[in-house]
Amino acid sequence: MNHFISLENLELELIRDLIDDAISFKKKKAFPNLSNHYISNLFFENSTRTKLSFEMAEKKTGMEIIYFDAESSSIKKGETLYDTVKTLNSIGVECFVIRHTQDRFYEDLISRLNVPIVNAGDGCGDHPTQSLLDLVTIYEEFGTFKDLKVVIVGDVIHSRVAHSNAKILTRLGAGISFATPEFWRDSNMTMGTYTSLDSAISEADVVMLLRNQNERHAQQYNEKNFLEQYGLTKERASKMKPSAIIMHPAPINRNVEIDEDLIEAPQSRIFTQMTNGVFARIAVLNYVFNS
Amino acid sequence: MNHFISLENLELELIRDLIDDAISFKKKKAFPNLSNHYISNLFFENSTRTKLSFEMAEKKTGMEIIYFDAESSSIKKGETLYDTVKTLNSIGVECFVIRHTQDRFYEDLISRLNVPIVNAGDGCGDHPTQSLLDLVTIYEEFGTFKDLKVVIVGDVIHSRVAHSNAKILTRLGAGISFATPEFWRDSNMTMGTYTSLDSAISEADVVMLLRNQNERHAQQYNEKNFLEQYGLTKERASKMKPSAIIMHPAPINRNVEIDEDLIEAPQSRIFTQMTNGVFARIAVLNYVFNS
Amino acid sequence: MNHFISLENLELELIRDLIDDAISFKKKKAFPNLSNHYISNLFFENSTRTKLSFEMAEKKTGMEIIYFDAESSSIKKGETLYDTVKTLNSIGVECFVIRHTQDRFYEDLISRLNVPIVNAGDGCGDHPTQSLLDLVTIYEEFGTFKDLKVVIVGDVIHSRVAHSNAKILTRLGAGISFATPEFWRDSNMTMGTYTSLDSAISEADVVMLLRNQNERHAQQYNEKNFLEQYGLTKERASKMKPSAIIMHPAPINRNVEIDEDLIEAPQSRIFTQMTNGVFARIAVLNYVFNS
């Protein structure tokens, strides 16, 4: 039994194994059989994409899902997260996939309960399955991380993905730079260099766009000018190397972070990321139950 | 792979086949086996009845349902319907049953995506599985459509059912008339004749009541008098031919469209319609995947 | 086919059988096989714990769940409970687990429909599966009910559990007393005696705490002093017999009804109750379908 909380505390070898597993599952290697295991997805912050990707992974491995609705839950009656998880565990739920607004929500659970926790996003902290699917997508494309140039573009300071990916990609040997508006720079980010998208675009192997997290802050920019100033325009995309790829964690603000004509362009891997997300999560479930 | 969008663009022969299939399934013919197929029901307008009828049909054919909750979806973060469907398709959903407030919402999806779409109601447009279940119910009763007299009663202008049914029943050889208050007549409706329920009742084979769509318009009538003026009272029902049947798509406003004592009267097929709805939808799923 | 509405109208022998069944299921006796049966859980009042416990029981017996969402249901369009149940029954749902705010909501359904109804809590009336799981927990502990001293503590007047349990435990031979604040005494409660927790604690075999139903009444007490005045403090718990147990139906208001350090103390059976709830409900489903 393993938790899956963050890529930070995992050995690189294990991360490489998870990537290999995900790619094998995508190539139709038989999925692990987790039938007769009961799982629950506790999303205290909405995320259709991540939640349904987990549900698909769970169903493909034969798991039984106990559907939890945060909106109607006893959390609203003042129950703690611990009590909710302990309760569901008492009725037979054997694994919890949790997204929560609180940073490191999982610490209390892990120290007090003997049930695997999968972090599906904690506050402004980590989102390790998103990172893993990004790694799978990059590795599937390039077969290596070493010396790849990755430019992370946009709302760095509010993005779990930016933080997690910058750390793990650096560990894996890639070079990171950030092309981000001044008002969204993160002074605590110690790795990588700040640049502009115009400077970075022609050298980058991966143009990793972020979502403007408008629901997490007062909008600090003029939406009309954002694409032109900071986003991936067709003009900028035309300067990309032919082998380079475009990524975005979605949902996309069309014509804000990226010109909508580029979303399904040949160099975009945006929907491939979503496909890979299911296989990455199958690899994680396998790790949680079978390692 | 087929879409199922409207009865209008389907050959009569195919519609007859779907009716026959539904009746066979009801008679315990083995259901098609669609196990290992993943489907999602996207209801952007509430409809417990239609949604759960689809879910029952899906489960009876062995499909796996990925549950989508429109309320908590990224549509609320500004995502387009296209992006939502493309996303779910990317994670492995192979068919979409969609109800949406927008007329012809499906055109954009069909032209850009290679995944089957089943229309579960579009704006004030079509609701083809409701039409199909109505056809199944009529055909099961009479064994033919030819020369049947169908009177459609009530809120014609706001009713998807009225429009779809009037068209297809006309094509199938039935005679349509409308017994509708003046304020709900639809001047664009070219087929059928306007009448009063009192004039039509004694000749009708099918008394097809509609639901007053109060949530779609300011209420233009006095609820207390509606039944007496326009609805199916016991007095009016007593003039029906012994072989004639009563239909209503539900949910029913009891004692508004119909005297509540008639809802489960021997001539009512209202709950039979619901039962038939599941078999009609199994026929549609079979058509979508196996034709 | 049986309804399961209240313990009051059931023979003691049957209740003893249900308790035995639940304990057998917990000891890994094969569960009844109810696959290919369709069930729906209609919760018009939120209760994650009870709802998910039923869903777990349903899944463990192989049933298919048709998920009903009260929030988006036609009840909001003015449909009656009867029409909702009749509709779902028409589309193939074969059993209904219902929680409803209205006392004795089930009477109308039972008299008019031929489909099993399981009461998951009616207004201020009964909550028979909660009572059953409490009985299972007590019987598992003591092997008898005869002459056990049970003190029911707290919000008696608003508690379904208090009423149901007091009645059935009295029938089974236990002695009941109530340690409840004056403002929550129920003058209609004819059995048992009123006492204080301080007087009862040292003699009790079962200290059965209730939840302060704050959502059902204006809060009539000072939350800060409640534990000290009326709740289970560590001081009071230290006077319990070594063989005595602590129960609470949850969700718990920590440090209001009970000192939070006691929740998982050796004498607490609070989470055992939840575990037993699933097996109690499997016994009920078995009774509904197989007796």
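The values are calculated or read from the model by the stated rules, or taken from the named source; none is laboratory data. Being a predicted model, the structure only gives us computed values, none of them experimental. Quick reminder, even Gly has a Cβ in these numbers, built from the backbone with ideal geometry, and neighbours come from all protein chains shown. Areas reflect the complete protein model, heavy atoms only, side chains present, ligands, DNA and RNA absent. Shrake-Rupley method; radii C 1.70, N 1.55, O 1.52, S 1.80 Å.
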Would you confirm whether any residue within region C:107-117 is among the hydroxyl-bearing types (S, T, Y) and either buried (at least 20 other Cβ atoms within 10 Å of the Cβ) or at pLDDT below 95 (or both)?
-> no
Any residue at all in region C:101-112 that is in contact (Cβ under 8 Å) with a residue 40 or more places away in the chain and either within 20 Å of C:Y287 (Cβ to Cβ) or in contact with a helix residue (DSSP H, G or I) (Cβ under 7 Å, 6 or more places away or on another chain) (or both)?
-> yes
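Mind telling me which of the residues B:V150, B:V156 ends up being at pLDDT below 95, open to solvent by less than 10 Å² (accessible area, probe 1.4 Å) and under 18 Å from B:M191 (Cα atoms)? Talk me through it step by step, then tell me what you get.
Working: B:V150 fails: at pLDDT below 95.
On inspection, the qualifying residue turns out to be B:V156.
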Quick one: in region C:232-256, which of the residues that are among the hydroxyl-bearing types (S, T, Y) and in contact (Cβ under 8 Å) with a residue 24 or more places away in the chain is nearest to C:A162 (Cα to Cα)?
-> C:T233
Spot the failing condition for B:E228; the list is (1) buried (at least 22 other Cβ atoms within 10 Å of the Cβ); (2) farther than 30 Å from B:H100 by Cβ, and only one is missed.
-> (1)
Filter region A:243-266 for residues that are open to solvent by 10 Å² or more (accessible area, probe 1.4 Å) and farther than 21 Å from A:N225 by Cα; the one that is farthest from the other protein chains (Cβ to nearest Cβ) is A:S243
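Residue-by-condition table, conditions (1) in contact with a Leu (Cβ under 9 Å, 6 or more places away or on another chain); (2) assigned by TED's automatic domain parsing to the domain that holds C:G121; (3) within 27 Å of B:K60 (Cα to Cα); (4) not acidic (D, E):
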residue	(1), (2), (3), (4)
C:S6	no, no, no, yes
C:F44	yes, yes, yes, yes
C:R49	yes, yes, no, yes
C:F68	yes, yes, yes, yes
C:S72	no, yes, yes, yes
C:V85	yes, yes, yes, yes
C:R104	no, yes, no, yes
Residues being among the aliphatic types (A, V, I, L, M) and out of contact with any strand residue (DSSP E or B) (no Cβ under 9 Å at 6 or more places or on another chain) - total across region B:136-184 = 4
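Taking B:T193 as the residue in question, decide whether it is closer than 19 Å to B:Q130 by Cα and without any contact (Cβ under 8 Å) to a residue 24 or more places away in the chain.
Working: closer than 19 Å to B:Q130 by Cα: no; without any contact (Cβ under 8 Å) to a residue 24 or more places away in the chain: yes.
Taking the combined requirement at face value, the residue does not satisfy it.
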Residue ranges of helices (runs of 4 or more DSSP H) in region C:137-234 with at least 3 members under 26 Å from C:T275 (Cβ atoms) | C:160-171
Could you give every pair whose Cβ atoms fall below 8 Å, whose first residue belongs to region A:34-48 and is farther than 25 Å from A:S291 by Cα, and whose second residue is open to solvent by 50 Å² or more (accessible area, probe 1.4 Å) and modelled with pLDDT of 95 or more, counting only separations of at least 6 or pairs across chains?
-> A:F43/A:K51
In the set A:N46, A:N9, the lone residue that is over 21 Å from A:M274 (Cα atoms) and open to solvent by 40 Å² or more (accessible area, probe 1.4 Å) is A:N9
Name the pairs whose Cβ atoms lie under 6 Å apart, with the first residue in region C:148-172 and in the same structural domain as C:S243 (by TED's automatic domain parsing), the second part of a helix (DSSP H, G or I) and of a type in the set (D, E, K, R), and 6 or more positions between them or separate chains?
-> C:H158/C:R216; C:N165/C:D134
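Go through B:L88, B:L18 for me and flag whichever is within 14 Å of chain A (Cβ to nearest Cβ), touching a Phe, Trp or Tyr at 6+ places or on another chain (Cβ under 8 Å) and in a helix (DSSP H, G or I). I'd like the intermediate steps shown before the answer.
Values: B:L18 fails: within 14 Å of chain A (Cβ to nearest Cβ).
Checking each option against the conditions leaves just B:L88.
When the residues of region C:62-103 are narrowed to those that are on the phi > 0 side of the Ramachandran plot and either at pLDDT below 95 or in contact with a strand residue (DSSP E or B) (Cβ under 6 Å, 6 or more places away or on another chain) (or both), which ends up surrounded by the fewest Cβ atoms within 10 Å (Cβ to Cβ)? Full working, then the answer.
Filtering region C:62-103 down to residues on the phi > 0 side of the Ramachandran plot leaves C:62, C:78, C:92.
Cutting the leftovers down to either at pLDDT below 95 or in contact with a strand residue (DSSP E or B) (Cβ under 6 Å, 6 or more places away or on another chain) (or both) gives us C:78, C:92.
Values: C:G78: 13, C:G92: 20.
Selected residue: C:G78.
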For region B:235-266, what are the residues that are in contact with an Asp or Glu (Cβ under 8 Å, 6 or more places away or on another chain), within 20 Å of B:F178 (Cβ to Cβ) and assigned to a strand (DSSP E or B)?
-> B:I245, B:M247
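Tell me yes or no: at least one residue of region B:39-60 is over 23 Å from the mean Cα position of the chain (by Cα), facing another protein chain (nearest Cβ under 9 Å) and in a helix (DSSP H, G or I).
Taking region B:39-60 first, the residues over 23 Å from the mean Cα position of the chain (by Cα) are none.
Looking for residues that are over 23 Å from the mean Cα position of the chain (by Cα), facing another protein chain (nearest Cβ under 9 Å) and in a helix (DSSP H, G or I), one finds none in region B:39-60, hence no.
Among the residues of region B:21-37, is any small (G, A, S), open to solvent by 10 Å² or more (accessible area, probe 1.4 Å), more than 11 Å from every other protein chain (Cβ to nearest Cβ) and outside any helix (DSSP H, G or I)? I'd like the intermediate steps shown before the answer.
Keep residues of region B:21-37 that are small (G, A, S), which gives B:22, B:24, B:30, B:35.
If we keep only those that are open to solvent by 10 Å² or more (accessible area, probe 1.4 Å) as well, we get B:24, B:30, B:35.
Keeping just the survivors that are more than 11 Å from every other protein chain (Cβ to nearest Cβ) gives B:24, B:30, B:35.
Within this subset, residues satisfying the condition of being outside any helix (DSSP H, G or I) are B:30, B:35.
The answer is yes; a qualifying residue exists.
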Mind counting the residues in region A:267-291 that are within 14 Å of chain B (Cβ to nearest Cβ) and either over 30 Å from A:L232 (Cα atoms) or assigned to a loop (DSSP other than H, G, I, E, B) (or both)?
-> 2
Filter result for B:R185 (among the basic types (K, R), open to solvent by 40 Å² or more (accessible area, probe 1.4 Å) and touching a residue at least 24 places away in the same chain (Cβ under 8 Å)) = yes
